[in-house]
Amino acid sequence: MAQLFEVHPLNPHARLLAQAVELIQRGGIAAVPTDSSYALVCQLDDKAASDNLRRIRGVDGKHHLTLLCRDLSELANYARVDNKQFRLIKAATPGPYTFILEASKEVPRRLSHPSRKTIGLRVPDHKTLQALLELHGGPLLATTLIPRGETESISDPQDITGPLEHELAAIIDAGACHKEPTTVVDLTTMADGGEPVVIRQGRGELAALGL
């Protein structure tokens, strides 16, 4: 049964978040608020945890997982980013955007896309999640919280019920989030002089990216 941590969305209690971080660092899966919908997160370097994350979400190894980063410098540690890509990312960061980029050597091979060696990365604009990442001291592996067999993401932690809450170690309740998921943009095409490719139109406005 998941441990519930109720926090203020703009001024979360550090002690409660530290307890949630401890559960994550023990290999647990947590449901956390973001600037789009809620997400499932786990440690980056824990294979069992990442396998469990995929199982709970109901996706296979071809599904892009995302690294939630604290800032642009941290993002650049886990992806190969040229100047043109960096300027585009900077224009919309932090915010509800996921960027598909070529994974760096810092990303475990099992976490990148098996055929393309790419990874999704983003810097969220949510006070509670940023505080959690700071206490954790590094990025977290994440995926949108969509229950198995459903198509809609969860935006209200009160809806995390039934079998799902028994599979999680922690639920961080900072109130309801936006319903829309992130906007996903593939930037790998820019490496060969191409244009960014919009994979999913979500909450993030394309105008902020100049698209």
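We did not get these values from a lab; they are worked out from the coordinates using the rules stated. Quick caveat, the model's predicted, so the values are computed rather than measured. Please note: Cβ atoms are built from the backbone with ideal geometry, for glycine as well, and neighbour counts cover all protein chains shown.
Let's test the formula: R0 of 41 Å, r as the Cβ-Cβ distance of residue 18 and residue 180. What FRET efficiency results, to the nearest 0.05?
Rounded to the nearest 0.05, the efficiency is 0.85.
If packing is taken as the average number of other Cβ atoms within 10 Å across a peptide's residues, how do 50-56, 8-14 rank, most packed first?
Final packing ranking: 50-56, 8-14.
In terms of modelled amide H atoms, which long-range or inter-chain residues lie less than 5 Å from the amide H of residue 199?
When sequence neighbours closer than 5 places are left aside, the close amide H contacts are 184, 185, 186.
Using amide H atoms built 1.01 Å from N in the peptide plane, name the residues 5+ places from residue 104, or on other chains, whose amide H lies under 5 Å from its own.
Long-range HN contacts for residue 104: 79, 80.
Calculated FRET efficiency, residue 207 and residue 1, Cβ-Cβ r, R0 45 Å, to nearest 0.05?
With a Förster radius of 45 Å, E is 0.55.
Can you list the aspartates and glutamates whose alpha carbon is less than 15 Å from that of residue 84, not counting same-chain residues fewer than 8 positions off?
Residue 84 reaches 102, 186, 192, 195.
Report, in degrees rounded to the nearest 10, the 0 to 90 angle that the Cα long axis of helix 127-136 makes with the longest principal axis of the chain.
90 degrees
Of the candidates 151, 188, 34, which one comes out as most mobile in a Gaussian network treatment of the chain with C-alpha springs shorter than 10 Å?
Of the options given, 151 has the highest mean-square fluctuation.
Give me a comma-separated list of calculated 3J(HN,Hα) values for the stretch 37-53, in order, Karplus coefficients 6.51, -1.76, 1.60 applied at θ = phi - 60°, integers in Hz, x for any Gly or Pro.
9, 6, 9, 9, 9, 7, 5, 5, 9, 10, 4, 4, 5, 5, 5, 5, 4
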